[in-house]
Amino acid sequence: MIPVDFLLTVLVVEMATVGVCLTAVALHALGLWHRTQADAPLLVRGRAALSKAIAGDPDANEGVAELRRLPSRVQSEVVDQLAVSVTGEEGRRMTGVAEALGLAASARRRCRSRWWWRRLQGAYRLNVHGGGDEALPALFRDPHPAVRAQVIEWAGDAQRADLAADLVAALHDSSALCRHTAADSILRGGASMVDALAEELSSYGGQQQADLLVVLARRPDPRYRRAALAAVADDLPALRVAVADLLGGVGGAEASEALLGLLTDPDAAVRAAAADGIRRLRLEDAVPSLAPLLRDESFEVRRAAGAALAGVGPGGILLLRHYRSDADPFAADMANHSLDIASLRHPGDED
Amino acid sequence: MEDEPEASAGGSWGGVDLAAIWHASSGILHDQVSVIERAVVAAIERRLDLDGQRAAGREAHKLAGSLGTFGFHDGSRLARALELALAPSDLVNPTQALALSRLVIDLQVEMNRPLAAQTPMAGPFPASPGAPSVLVVDGKSDRARRVVEAAAGQGLGAALTSTLAAARQMVDANPPEVVVVDAAVRDAGDLADFLGEMAARRPSVATMVLVSHAGLDERVEAARMGAQAVLQKPVPPDAVVQAVSRLLARTRGTPTVLALDDDPTFLVLVSEVLGAHGLAVERLNNAEGLWTALETFEPDLLLLDNDMPGVDGISLCRALRGDERWARLPVIFLSGSGSPDMQREMFAAGADDVVSKPVSADDLVTRVVNRIQRSRVQTERPDVDLATGLSSERAFVEDATRLLGLARQGGHPATLVVAEIDPPSAAAMAAVGRLVRLSAAAEDAVGAWPGGRLAALLYGTTATDARMRLDRIVQATRASGGDMFRTSVGLAASPDNGQDLATLGSAAEQAMERAQLAGGNAVEVHAPAGGSRSEVVDVLLVDDDEALGTLVMHALTGRGWSVRWLRDGAEALQLLDGPGFRARAVLLDVGLPELDGLSVLRRLGQRGILRDTRVVMLTVRANEGEVLEALELGAFDHVAKPFSLSVLMLRVRRAVEGMGAP
């Protein structure tokens, strides 16, 4: 049996420990509150000084000087607060202010830290207020996915052709966060990256090329067409699907011809993607080739063919009307369904 | 000569009910279309043979005839095109078939239109149906026949006889509208008796006499006997028919439109379109003959081309308005320029309406007919102001004074509305006047006010209620008029601002001037001298982001604008909705505490504040839906974060300057 004295001692020790902890937390909170109160007027001064420094005023240097007189945590906070909201000339001036205050240099030092959270902090700061053109690319291969994702996001805004390869490589990152961020950054990359991305597209094959095509198809550009056409006969069905998807976005005579060819592809997903591409391009000449697909064994193919026939022009509508009484009940059903959706049924068409 | 068969809006064709026949036979017609459709589908699928193609062509041929008879003219044209495409001995290939499928679909759409919409639309001034329009009484059969043929060529029904006795019988059996008599025909009594009988008939029959001598005596004699028109022989058949047409227009009360345009093709088109609606059209292709033509034809409306060589329509219109005789003649401009400045100039010159070329036939007919009908109504009602269709100044003052007296006696409120349109134009005044009339109660007085303004006395209505009604009207006119004109409205309430019309009028005019100073398209209520003054700022910034707010305030004030900064939406809404504050532009963040920016924007729109204030939304870059919603709710512009300060300032400047900032 445990002696009562021992239990009492333990209780007292525990209570004392809890008390000390609570006191520490309370003191910390009090300290934070006090600092917040003390910093409030400094933040107001800091914001006014930063506004003067970046708004293009003749006395911009005075603003920088005023900022220098403030504690570094206040400098850092006001720059962080405003940097996310400005771009263009003011964004460039913000980068200059961050450099002048030493905030950028501090962030670059953090990027080299052995601790991932400090690297993340540095990458974030450089992402927000600039100055990371040299330091950040190295972090594409950072061991921590959060740091890599931060750099990938920065690359989307940087819109530099030399980052295209890193962004494309990030599409196959082991971390889903990085992969999704990479897709987003590629789409945000803008015109300056298109040529580089087209080159990357040509240099890949198989699933990797398919993954890139899936992203590029969301923002199609004719410069991707050559690489897509080269992959039209690839063995990998997923790649042919992606090719059809992209060709349906970029169009052109060769793309149209390739899509017509893919309507007879052995893989159902490819046939469906080709029909969908034809619908988007409104290729009315494809009507004779689309019609047999209403009898396809795959529902997705029938659906895509019906939608395409309804969307490419009056020839497709006439074909759909004709197929409403087709011997194949699935084809007839899809023709009816497509006409319903197109809301173009003839008043005498009700069954 | 036999009458030309003519379909009418009632769906009859030579006395046959078209609708009933259509109902009975439309199934057959649709079957014929199905044959064509099957052939086109077969051609697309490369399985059409020549027999099938010929069969489809035959059906198309039948359809073309049938549809035309039923008044489906577009359908007939499409069927004819299909017939031609299916006629060649070569098989239609899939590419051609795809083109034909468009015709088939269009044909089906045409055939599914209601029958009534297909029959030729009767004009608002229809001719008398049934009887021949002209009876020619002439002993020389060749000449008479040529006149009858010419009349038929102009679409006039005509009959022929050689004696007055036969003419009397024909008139008894089937009275014509005009009898053309050769003065040399003198059987069965005197020509004077015949002319007298025609004049005495109810309805009377107009008469035209062809005389053989150049002297005045015979013409005067014919006129004395009751002839309404006299022509001297020899006269070409076409001239006879033209004279008959003019006489018919006069006797039927058919309005005459004088069209002045240097483009003869356009004149023909206008004649055809308006003629089909029962209007007589006189064509003039040079401005020099305008005054002579006006005197000759005494038109009910002038269609005036603005772009003619040598003289512009605006100058002509000004001259016309300066001529007492033609000052009230409705004038519709045909303008090749759609620029608002040019249109404003036309309205300022006295145009009643402006139609832009290329002209839509339906649009032109509607405007011409509407203008003529309104002009006729106004001519019959001298108490109606010609510009607005509302009571004249005198009538309005009488009505308003009477209503104010009633309001005083009953202790009821009343509000006087005075509105000014800038720039002044008859069409804009008419548009605003119509809206005011529609929104007014039956007992309210609405009319013209001195200085070319509009006025209304709203009985039993407080200034607040009146403001709400007028706000809606101003918004509606702004929506329909765009930048063409601005409406400034002043309100004065009885008994607060006065109890007699003169005092109220003065107060309402002062309020109206304030509305003009605010940039127009505004409603202001009269505030007594010494009352609270409104604070007007250039920009109201609504954003809870301290850092961004500081920067934007710094930039705005640095550019010399007056600015206020609020951190939450509810406070901003309260301030903007209050009486003592107005901002020319609002920079409104979407993510705000209490009430988000989109909700603030929606409520500003509902309360009519957006017509005085332009809102530039600060949206988040990636949120396209947010941007679209903001613009749909009435935002003037949006700037996505992160933004360039220079771009933001440019957009703010655009917003502010558009609202009358210095």
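Of a type in the set (D, E, K, R) and either in a helix (DSSP H, G or I) or out of contact with any Ser or Thr (no Cβ under 7 Å at 6 or more places or on another chain) (or both): is that true of B:ARG582 in this structure? It is false that B:ARG582 is of a type in the set (D, E, K, R) and either in a helix (DSSP H, G or I) or out of contact with any Ser or Thr (no Cβ under 7 Å at 6 or more places or on another chain) (or both). Considering only residues that are farther than 23 Å from A:ARG280 by Cβ and either part of a helix (DSSP H, G or I) or not acidic (Asp, Glu) (or both), which ones fall in the range A:312-334? Residues satisfying the conditions are A:HIS322, A:ARG324, A:SER325, A:ALA327, A:PRO329, A:PHE330, A:ALA332, A:ASP333.
Filtering the range B:635-655 to residues that are among the basic types (Lys, Arg), over 21 Å from B:GLY608 (Cα atoms) and part of a helix (DSSP H, G or I) leaves B:ARG651, B:ARG653. All of (1) part of a strand (DSSP E or B); (2) crowded, with 21+ Cβ neighbours inside 10 Å; (3) away from chain A (no Cβ under 14 Å) hold for B:THR619 with one exception: (3). Taken together, A:GLY311, A:GLY252, A:GLY261 contain a single residue that is more than 12 Å from every other protein chain (Cβ to nearest Cβ), of a type in the set (Gly, Ala, Ser), at positive phi and open to solvent by 10 Å² or more (accessible area, probe 1.4 Å), which is A:GLY252. A:ALA165 meets all of the listed conditions (1) at pLDDT below 95; (2) crowded, with 18+ Cβ neighbours inside 10 Å but one, namely (2). Looking across the range B:411-429 at every residue that is open to solvent by 10 Å² or more (accessible area, probe 1.4 Å) and over 23 Å from the mean Cα position of the chain (by Cα), the one that is nearest to B:PHE485 (Cα to Cα) is identified as B:PRO413.
Here A:GLU77 does not qualify as in contact (Cβ under 8 Å) with a residue 24 or more places away in the chain, surrounded by fewer than 16 Cβ atoms within 10 Å (Cβ to Cβ), within 14 Å of chain B (Cβ to nearest Cβ) and not aliphatic (A, V, I, L, M).
Exactly one residue out of B:ARG654, B:ARG614, B:ARG582, B:ARG602 is more than 35 Å from the chain's Cα centre (by Cα) and either buried (at least 19 other Cβ atoms within 10 Å of the Cβ) or more than 14 Å from every other protein chain (Cβ to nearest Cβ) (or both): that is B:ARG582.
Looking only at residues in the range A:45-74 that are open to solvent by 10 Å² or more (accessible area, probe 1.4 Å) and facing chain B (nearest Cβ under 8 Å), the one that is nearest to B:ALA640 (Cα to Cα) is A:ALA55. Counting only helices (runs of 4 or more DSSP H) that fall entirely inside the range A:124-221 and contain at least 1 residues that are in contact with a His (Cβ under 9 Å, 6 or more places away or on another chain), the qualifying elements are A:145-158, A:176-188, A:206-216. Being within 11 Å of another protein chain (Cβ to nearest Cβ), without any contact (Cβ under 8 Å) to a residue 12 or more places away in the chain and either surrounded by 23 or more Cβ atoms within 10 Å (Cβ to Cβ) or at positive phi (or both): is that true of A:LEU290 here? Taking the combined requirement at face value, the residue does not satisfy it. Take A:ALA146 and decide whether it is open to solvent by 20 Å² or more (accessible area, probe 1.4 Å), modelled with pLDDT of 95 or more, more than 14 Å from chain B (Cβ to nearest Cβ) and over 23 Å from B:THR550 (Cβ atoms). Yes; evaluated as a whole, the condition is true for this residue.
Of the residues making up the range B:448-466, those that are within 19 Å of B:GLN499 (Cα to Cα) and either out of contact with any helix residue (DSSP H, G or I) (no Cβ under 7 Å at 6 or more places or on another chain) or open to solvent by less than 40 Å² (accessible area, probe 1.4 Å) (or both) are B:TRP449, B:ALA455, B:ALA456, B:LEU457, B:LEU458, B:GLY460, B:THR461, B:THR462, B:ALA463, B:THR464, B:ASP465, B:ALA466.
A quick yes/no check of all residues on (1) modelled with pLDDT under 70; (2) away from chain A (no Cβ under 14 Å); (3) open to solvent by 40 Å² or more (accessible area, probe 1.4 Å):
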site: B:ALA19; (1), (2), (3): yes, yes, yes
site: B:ARG46; (1), (2), (3): no, no, yes
site: B:LEU63; (1), (2), (3): no, yes, no
site: B:LEU78; (1), (2), (3): no, no, no
site: B:ASN93; (1), (2), (3): no, no, yes
site: B:ALA97; (1), (2), (3): no, no, no
site: B:PRO114; (1), (2), (3): no, no, yes
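Report yes if B:GLU594 is without any contact (Cβ under 8 Å) to a residue 60 or more places away in the chain, more than 40 Å from the chain's Cα centre (by Cα) and open to solvent by 20 Å² or more (accessible area, probe 1.4 Å), otherwise no. Criteria met by B:GLU594. The sole residue among A:ALA83, A:ALA123 that is modelled with pLDDT under 90 and either farther than 28 Å from B:SER646 by Cα or open to solvent by less than 70 Å² (accessible area, probe 1.4 Å) (or both) is A:ALA83.
Would you check which residues across the range B:533-557 are away from every other protein chain (no Cβ under 14 Å) and either part of a helix (DSSP H, G or I) or among the hydroxyl-bearing types (Ser, Thr, Tyr) (or both) and list them? Spell out how you get there, then give the answer.
Taking the range B:533-557 as the starting set, the residues that turn out to be away from every other protein chain (no Cβ under 14 Å) are B:533-540, B:542.
Once the filter is applied, which keeps residues that are away from every other protein chain (no Cβ under 14 Å) and either part of a helix (DSSP H, G or I) or among the hydroxyl-bearing types (Ser, Thr, Tyr) (or both), the range B:533-557 yields only B:SER534.
Take A:ALA100 and decide whether it is open to solvent by 20 Å² or more (accessible area, probe 1.4 Å), part of a helix (DSSP H, G or I) and within 14 Å of another protein chain (Cβ to nearest Cβ). Taking the combined requirement at face value, the residue does not satisfy it. Yes or no: the range B:450-467 includes at least one residue that is in a helix (DSSP H, G or I) and out of contact with any strand residue (DSSP E or B) (no Cβ under 6 Å at 6 or more places or on another chain). For the range B:450-467, residues in a helix (DSSP H, G or I) and out of contact with any strand residue (DSSP E or B) (no Cβ under 6 Å at 6 or more places or on another chain): present. If you check B:LEU587 against the conditions, is it under 28 Å from A:VAL74 (Cβ atoms) and assigned to a helix (DSSP H, G or I)? Criteria not met by B:LEU587.
Of A:ASP234, A:ASP221, A:ASP245, all but one fail to be open to solvent by 40 Å² or more (accessible area, probe 1.4 Å) and either within 21 Å of A:LEU167 (Cα to Cα) or not polar (S, T, N, Q) (or both); the exception is A:ASP234.
The values are calculated or read from the model by the stated rules, or taken from the named source; none is laboratory data. Note that the structure is predicted; figures quoted are calculated from it, not measured. Glycine also receives a Cβ, built like all others from the backbone with ideal geometry; neighbour counts cover every protein chain displayed. These area figures cover heavy atoms from the full protein model, side chains too; ligands, DNA and RNA do not enter into them. Shrake-Rupley method; radii C 1.70, N 1.55, O 1.52, S 1.80 Å.
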